[in-house]
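What follows is a short report on a single structure.
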């Protein structure tokens, strides 16, 4: 293999982890921790950086194994982005998944020992299990796969709460602070996963995946997605008023929600998915 092809393989391996997606996970956790009162200087103290990096490692491992298992449908839905089996060897992808997962599990065990509770390790073990089983067992099983992924996304808020409020993240007072945000994030992500399934109907059908979108008619998908976007946008704004978000944050979220709802009503799926991603982002930026 030439040096050029080696660099290309390394670059394509890096892309398998979906670096921007993984980076956004770390930023989300950082914003939650800052919002809940975590001291900024402590982020960079030794292994404490694991509170940011461990979720990113788990996400990267999940992205790699998902692409490894979904080669067939990815070659239909997004052929230009399918690298496993071409420039990245299958065994390298599998080894990367388990390597990243083991590092995350080990680091989370250390974090658990630091705060004297098993929650960090249990969360990482749960996230890893879900992401490993998603493609072979959960994807294409109606709404269950979408719900599982959305629980992991909402779980990032729980992770930030455990990091900031160790041994008291589960108290009623603490739950009132972080649990609504986790629920809203999971709900919006569920709708986004639904929309992505609509986009991937052709490839999922070829792979024999009976996703939620495939089981519904276009009219039902359109009505369901639009209704869910409107409902979650309304809940988000109510929550923002409740936690005294600045007016600019509420206005920004309302604008993005209106744009997302407009794309849903017009059934412009390719445009709706990024608007939903921005909608999730404004939830975090507004409370920072």
Ranking of 192, 90 by count of other Cβ atoms within 10 Å, fewest first: 90, 192
Relative contact order, percent, the chain [alpha-carbon distance under 8 Å, six or more residues apart]: 18 percent
Choice from 244, 67, 200 showing the highest fluctuation, given a GNM over the chain with Cα pairs closer than 10 Å: 244
Per-residue [θ]222 nm for the chain (sum of -39500 (n - 2.57) over DSSP H runs n ≥ 4, rounded to 500): -26000 deg cm²/dmol
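So for the range 145-279, Kirkwood radius off the Cα pairs, Stokes-Einstein at 25 °C and 0.890 mPa s: how many µm² s⁻¹?
154 µm²/s
In what order do 91, 114, 18 fall by count of nearby beta-carbon atoms within 10 Å, going from fewest to most?
Exposure proxy ranking, most exposed first: 91, 114, 18.
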Shape metrics for the range 234-288, restricted to C-alpha atoms - Rg then Dmax, Å: 11.4, 33
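To make sure I understand, if each residue's beta carbon is the centre and we count other beta carbons within 10 Å, what order do 193, 117 fall in, fewest to most? Write down the numbers at each step before the final one.
Details: 193 23, 117 16.
So the ranking, lowest neighbour count to highest, is 117, 193.
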Tail beyond 26 Å, pair distance distribution of the chain (Cα, percent): 47 percent
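Taken together, the values in this text are just the output of simple stated rules run on the coordinates, not laboratory data. Here the structure is a predicted model, which is why all the values come from computation and not from measurement. Using ideal geometry, Cβ is built from the backbone for each residue, glycine included, and neighbour counts are taken over all protein chains shown.
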